[in-house]
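Computed from the coordinates by the stated procedures, all read-outs in this text should not be read as laboratory data. Given the structure is predicted, the values throughout are model-derived calculations rather than measurements. Note that we place each Cβ from the backbone using ideal geometry, even for glycine, and neighbour counts take in every protein chain shown.
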Amino acid sequence: MALGWLALLPMAGACGPVPDAVPVAVITAVDDLGDTVRLGTPATRIVSLIPATTELLFAMGLGDLVVGRTTWCDFPAAARAVPDLGDGLQPNLEAVVSVRPDLVVLYNSTQNVAAAERLRAQGIPAVLLNTDRLADVPRLARLLARLGGRAEAGDSLASSYDRQLAASSRAPRSPPPVILVLAWDQPPIAIGAGSFLSELVSRAGAVNAFADLSAASVPVSLEAVAARDIDLVLVLGTAVPGYASRAEWQSVAAVRDHRFLFVPEGPFSRPGPRSPEAIRLLGAAIDAVPAS
């Protein structure tokens, strides 16, 4: 269907006045690559290929619009009933097209640019979105809700989220504990200031050991880790990490002494409506550690 202005043109030889042009309702949004997406009507069949946006759509009450997801979209439980279309990076476009979407949500990565272009060439609107920081949550809530024709749901979630985020954040302990957050251990990859996990640590009253590095994650040496004078190591889940028993990691005192902070993985897995809960859980875990 053509977008823009639909003119009602007179037929040859027709009598009477020509009707005024009737505007077609168009919903527009600019994605995080800077491209503009236009919908003639609100989206009713959304493929969400980012776990964070899938969770967000369900949290806003728009789960009924989601007709496709990634393998990693595991929350809420209702999302698992949506057809699994595979990975979110370089997605299976045949699988995506097969569910007849009128909007596809992709992570803003160079690996997905070609997929977005191919979908648009087939007349399927696609948006490339960043879901890396806590501030992305209210912004994307409003954007996605508007594209789904339920702008008020986005405004409501965004306002509630901002209130909860402020209420859960707290001043640091004195002195604030230094916390190591690892994305990977072999080779060591540390979380830097560009990740929402660093924001969670800061809002919980602590300091990310590698907050001086601007990237979301950075390869680091064990010597650099040991030199950071780390107080605690954040662990998602309840199991002591395997690297704690490896000889090379004994140079890191916090690992050698098993000074771990165990937190549930779910709220820490992505920025979203559960992020205020993650801050509260991390703050409680920090408070449970005796002051040195």
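Points worth noting:
- Calculated FRET efficiency for the pair ASP35/THR71, C-beta based, R₀ 35 Å, to 0.05: 0.85
- A quarter of the convex hull surface defined by the alpha-carbon atoms of the range 24-166 gives 7.9 nm² as the mean projection.
- Full-extension gain in nm, SER98 to ALA183, via 0.36 nm per residue minus C-alpha separation: 27.1 nm
- In order along the range 78-88, phi translates into HN-Hα couplings of 4, 5, 5, 7, 7, x, 8, 9, x, 7, x Hz, rounded to whole numbers, per the Karplus curve 6.51 cos²θ - 1.76 cosθ + 1.60 with θ = phi - 60° and x for Gly and Pro.
- For the range 178-287: rounded, prolate or oblate by the Cα gyration tensor [a/c cutoff 1.5]: prolate
- Three-way shape call for the range 180-223 based on the alpha-carbon gyration tensor, with the a/c threshold at 1.5: prolate
- The local environment of GLY154, defined by Cβ-Cβ distances under 12 Å, has a net charge of +2 under the rule Lys, Arg +1 and Asp, Glu -1.
- One compactness figure for the range 70-144 is 1.12, namely its Cα radius of gyration divided by 2.2 N^0.38 Å.
- Which of ARG120, ARG274, ARG259, ARG100 has the fewest Cβ neighbours within 10 Å, and the rest in rising order: ARG100, ARG120, ARG259, ARG274
- Stretchable slack from ASP64 to ARG139, in nm (0.36 nm times residue separation minus alpha-carbon distance): 24.9 nm
- For the range 42-105 versus the range 211-271, the gap between their alpha-carbon centres in whole angstrom: 32
- Placed amide H near PHE260: partners under 5 Å, 5+ positions off or other chain: VAL233
- Spin-label model distance (nm) - ALA288 vs ALA78, 7 Å beyond Cα toward Cβ: 3.1
- MRE, 222 nm, helices only [DSSP H, n ≥ 4, -39500 (n - 2.57), over the chain, to nearest 500]: -9000 deg cm²/dmol
- Amide H contacts of ALA190: ALA183, VAL218, VAL220, each under 5 Å away and 5 or more positions distant or on a separate chain (H built 1.01 Å from N in the peptide plane; Pro and chain starts excluded).
- Charge dipole (Cα centre; +1 on Lys/Arg Cβ, -1 on Asp/Glu Cβ; no other charges) of the chain amounts to roughly 380 debye.
- The chain - share of DSSP beta bridges that are antiparallel (%, nearest 5): 40
- Compactness of the range 116-198 is given as radius of gyration and Dmax, 18.1, 57 Å, from Cα positions.
- Counted over the range 24-166, the DSSP beta bridges are approximately 30% antiparallel.
- Three-way shape call for the range 111-263 based on the alpha-carbon gyration tensor, with the a/c threshold at 1.5: oblate
- Taking the longest Cα principal axis of the chain as reference, the axis of helix 151-168 is set at about 10 degrees.
- Pairs of alpha carbons in the chain whose separation is greater than 34 Å (percent): 33
- Karplus-based coupling profile of the range 134-145, in residue order and whole Hz: 4, 5, 5, 4, x, 4, 6, 4, 5, 5, 5, 5, with θ = phi - 60° in 6.51 cos²θ - 1.76 cosθ + 1.60 and x standing for Gly or Pro.
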